[in-house]
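Dropping the structure in here first, questions after.
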Amino acid sequence: MTRKLQNITQSKGPAALTILLLLVGWQLVAMSGLVPGYLLPSPVQVLHAFCQDWNTLWSHLLVTLQEALLGLVVGVSVGFVFAMVMDAWEGLYRACYPLLIISQTIPTVAIAPLLVLWFGYDMTPKVILVVLVTFFPVTVGLLEGFRATDRDAVALFRSMGAKRWQIFCYLKVPSALPQFFSGLRIAAAYSVVGAVISEWLGGFSGLGVYMTRVKSAFAFEKMFAVIFLISALSLLLMALVGLWEKKMMPYRYIQKDEKKEIEKHES
Amino acid sequence: MERLEISKVSVSFGTRQILQDVSLTLKEGELVSLLGISGSGKTTLFNVIAGLLKPDTGSVYLDGEDITAIPGQVSYMLQKDLLLPFHTVEDNVALPLILKGVPKKKARAEAVSHFREFGLEGTEKLWANQLSGGMRQRAALLRTYLFSSRVALLDEPFSALDALTKRSVHQWYLQVMEQIKLSTLFITHDMDEAILLSDRIYVLTGQPGQILHELVIDQPHPRTEAFAVTEQFLNYKKQILVYLKEGQ
């Protein structure tokens, strides 16, 4: 127990301290009057705005979360299918992989208005945009994982008469899990940002819409409040991915002490 | 009839010939070693026997049936133990049965029923990476045995172990072999290991690799470590050294 506590203070402690110092510094700068209050609200003002507007923020948050999650699920599925077929056919990999890279160089803000023109102001264009930004890290992660599968392990499976689908399901997929989760964590963070960006450029609800509204009202403290909320939402999704990762790959999180204990037991 | 027969196998990669007219046989219950320096094509020969590689010429017969370039006929234990980190020990061992379509529960039960015999009891639910080197070898060997009890190909199975562990694993291995009577073809570059474990030794030399000599180790089983310090043991060793030198 004490060791656990120690671990937390050791790993997260310095970062928490930095954040705290930044907040205190920010508060001091705001209070000193060096920067006009309407340009830089103090953390306390931001917190106040956050509490005051909570009901509105919550309803917008639900919309954004829905778009982000739906887009993420579709994006991950698309990413998986892409990685699977490109791994199975080398020719397809060579033909399509550069295209995938190019697709990621197109700025999101440039596609979003087009999507709004094509699909209207409701949820569809937002989900599509989230899919576009989330499938890529998943595809790349999985592909890398599939291709890095131990060749000798593949030879072992073949020598046991394994069929292609068996090698894929029983060897390649579990081998690629670490890379998959790295990709998924990035995709989770992108999904919220993607949804917000698409809301800026057209829509009736969502945190991005709220953002554009408070911006035109020059309500800077509300602007900061929503920025923190979006950031927290991304962190929450990433943390959920982390939890899932631990559940799927318990063998990666065996304590070193536990390992030693077993060796002692053997000898 | 021979259990396994390799007849005049030749393999080349591009212009480089790896194996030339290699022939050998393996009887039921026999342990035969393939001894040679690295680069003499031992592993290539195993890939041919396992059906992973099609030879340019020559054939592989299992109980008289032509199995050239047909994988999934003999058990093959590669140089690395290749235990999968994402499975428990029992699931790793049960893998060949699961690939054959045996339901998971049944495969696991079948695998676990051999754990005592292989000195693996108590490790069923551990992750593969929690095992020590010697235990990993045992698990890999049991996995090999569960795939097929007809013929096993073992490619330097003990080369990654340190000298002391290797000695105890040898003793253990000789005991297990007494019980399971597996027909085994065994790659090694360790002369002591070959003499201690084998009924016969083929010496593979040259580039391309050829089998020019065969040595019968006419000693009763089970052999103990005491055998390794006898005059006879040394004579076998001298003979092998002569064969290896001739091949260069």
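Out of (1) on the phi < 0 side of the Ramachandran plot; (2) touching a residue at least 40 places away in the same chain (Cβ under 8 Å); (3) under 25 Å from the mean Cα position of the chain (by Cα), what's the single condition that is false for A:Gly203?
Against the list (1) on the phi < 0 side of the Ramachandran plot; (2) touching a residue at least 40 places away in the same chain (Cβ under 8 Å); (3) under 25 Å from the mean Cα position of the chain (by Cα), A:Gly203 comes up short only on (1).
Looking only at region A:233-254, which residues are more than 14 Å from every other protein chain (Cβ to nearest Cβ) and either of a type in the set (Phe, Trp, Tyr) or open to solvent by less than 50 Å² (accessible area, probe 1.4 Å) (or both)? Full working, then the answer.
Taking region A:233-254 and keeping what is more than 14 Å from every other protein chain (Cβ to nearest Cβ), we get A:233-244.
Listed by number, the residues that qualify are A:Leu233, A:Ser234, A:Leu237, A:Val241, A:Gly242, A:Trp244.
Every residue in region B:59-82 that is over 16 Å from the mean Cα position of the chain (by Cα), assigned to a strand (DSSP E or B) and within 11 Å of chain A (Cβ to nearest Cβ), please.
Within region B:59-82, none qualify.
Next question, about the same structure. Quick one: in region B:119-133, of everything that is farther than 15 Å from B:Lys80 by Cβ and within 9 Å of chain A (Cβ to nearest Cβ), which residue is surrounded by the fewest Cβ atoms within 10 Å (Cβ to Cβ)?
Looking only at region B:119-133, we keep the residues that are farther than 15 Å from B:Lys80 by Cβ, and these are B:119-127, B:130, B:132.
Cutting the leftovers down to within 9 Å of chain A (Cβ to nearest Cβ) gives us B:122-123, B:126-127, B:130, B:132.
Details: B:Gly122: 13, B:Thr123: 24, B:Leu126: 20, B:Trp127: 23, B:Gln130: 20, B:Ser132: 15.
For region B:119-133, the residue satisfying everything is B:Gly122.
Yes or no, residue by residue, for (1) outside any helix (DSSP H, G or I); (2) over 30 Å from A:Val173 (Cβ atoms):
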{"position": "A:Ala15", "(1), (2)": "no, yes"}
{"position": "A:Gly25", "(1), (2)": "no, yes"}
{"position": "A:Val29", "(1), (2)": "no, yes"}
{"position": "A:Tyr38", "(1), (2)": "yes, yes"}
{"position": "A:Gln45", "(1), (2)": "no, yes"}
{"position": "A:Ser59", "(1), (2)": "no, yes"}
{"position": "A:Val63", "(1), (2)": "no, yes"}
{"position": "A:Ala68", "(1), (2)": "no, no"}
{"position": "A:Gly75", "(1), (2)": "no, no"}
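Is region A:217-230 home to any residue that is open to solvent by less than 10 Å² (accessible area, probe 1.4 Å), farther than 20 Å from A:Leu57 by Cβ and either part of a helix (DSSP H, G or I) or of a type in the set (Ser, Thr, Tyr) (or both)?
At the first step, the residues of region A:217-230 found to be open to solvent by less than 10 Å² (accessible area, probe 1.4 Å) are A:225-226.
Next, only the ones that are farther than 20 Å from A:Leu57 by Cβ stay: none.
Checked region A:217-230: no residue is open to solvent by less than 10 Å² (accessible area, probe 1.4 Å), farther than 20 Å from A:Leu57 by Cβ and either part of a helix (DSSP H, G or I) or of a type in the set (Ser, Thr, Tyr) (or both).
Would you say A:Thr134 is within 12 Å of another protein chain (Cβ to nearest Cβ) and open to solvent by less than 20 Å² (accessible area, probe 1.4 Å)? Walk me through it before giving the result.
On the way: within 12 Å of another protein chain (Cβ to nearest Cβ): no; open to solvent by less than 20 Å² (accessible area, probe 1.4 Å): yes.
Criteria not met by A:Thr134.
Open to solvent by less than 20 Å² (accessible area, probe 1.4 Å) and either more than 11 Å from chain A (Cβ to nearest Cβ) or part of a loop (DSSP other than H, G, I, E, B) (or both): which single residue out of B:Leu95, B:Leu45 fits that description?
Working: B:Leu95 fails: either more than 11 Å from chain A (Cβ to nearest Cβ) or part of a loop (DSSP other than H, G, I, E, B) (or both).
After ruling out the rest, the residue left standing is B:Leu45.
Can we say A:Ser59 is open to solvent by 50 Å² or more (accessible area, probe 1.4 Å), in contact (Cβ under 8 Å) with a residue 40 or more places away in the chain and of a type in the set (S, T, N, Q)? Even if it seems obvious, please write down each step before you answer.
Details: open to solvent by 50 Å² or more (accessible area, probe 1.4 Å): yes; in contact (Cβ under 8 Å) with a residue 40 or more places away in the chain: yes; of a type in the set (S, T, N, Q): yes.
Against the criterion (open to solvent by 50 Å² or more (accessible area, probe 1.4 Å), in contact (Cβ under 8 Å) with a residue 40 or more places away in the chain and of a type in the set (S, T, N, Q)), A:Ser59 qualifies.
For residues that are of a type in the set (S, T, N, Q), open to solvent by 50 Å² or more (accessible area, probe 1.4 Å) and more than 25 Å from the chain's Cα centre (by Cα), tally how many sit in region A:17-54. Outline the logic, then answer.
Of all residues in region A:17-54, those of a type in the set (S, T, N, Q) come to A:18, A:27, A:32, A:42, A:45, A:52.
From the residues that got through so far, the ones that are open to solvent by 50 Å² or more (accessible area, probe 1.4 Å) too are A:18, A:32, A:45, A:52.
Among the residues that remain, those that are also more than 25 Å from the chain's Cα centre (by Cα) are: A:32, A:45, A:52.
Selection size over region A:17-54: 3.
B:Thr123 versus (1) of a type in the set (Val, Ile, Thr); (2) part of a helix (DSSP H, G or I); (3) not assigned by TED's automatic domain parsing to the domain that holds B:Ser40: which is the lone unmet condition?
Unmet condition: (2).
Also, I was wondering about something else. In region B:50-57, is there at least one residue being over 16 Å from the mean Cα position of the chain (by Cα) and part of a strand (DSSP E or B)?
Checked region B:50-57: at least one residue is over 16 Å from the mean Cα position of the chain (by Cα) and part of a strand (DSSP E or B).
Taking region B:155-182 only, how many residues are open to solvent by less than 20 Å² (accessible area, probe 1.4 Å) and within 12 Å of chain A (Cβ to nearest Cβ)?
1
A further question follows. Just give me the residues in region A:161-181 being assigned to a loop (DSSP other than H, G, I, E, B) and open to solvent by 20 Å² or more (accessible area, probe 1.4 Å), in sequence order.
Kept after step one, since they are assigned to a loop (DSSP other than H, G, I, E, B), are these residues of region A:161-181: A:161-163, A:176.
Those that are assigned to a loop (DSSP other than H, G, I, E, B) and open to solvent by 20 Å² or more (accessible area, probe 1.4 Å): A:Gly161, A:Lys163.
In region A:80-88, is there at least one residue being surrounded by 12 or more Cβ atoms within 10 Å (Cβ to Cβ) and more than 25 Å from the chain's Cα centre (by Cα)?
yes
Report whether or not A:Phe180 is within 14 Å of another protein chain (Cβ to nearest Cβ) and within 28 Å of A:Leu240 (Cβ to Cβ).
On the way: within 14 Å of another protein chain (Cβ to nearest Cβ): yes; within 28 Å of A:Leu240 (Cβ to Cβ): yes.
Yes; evaluated as a whole, the condition is true for this residue.
The values are calculated or read from the model by the stated rules, or taken from the named source; none is laboratory data. All figures in this text were calculated on a predicted structure; none of them were measured in a lab. Heads up, the Cβs are rebuilt from the backbone with ideal geometry, glycines too, and the neighbour counts pull from every protein chain shown. To get the accessible areas, we keep the full protein, side chains included, count just its heavy atoms, and leave off ligands, DNA and RNA. Shrake-Rupley method; radii C 1.70, N 1.55, O 1.52, S 1.80 Å.
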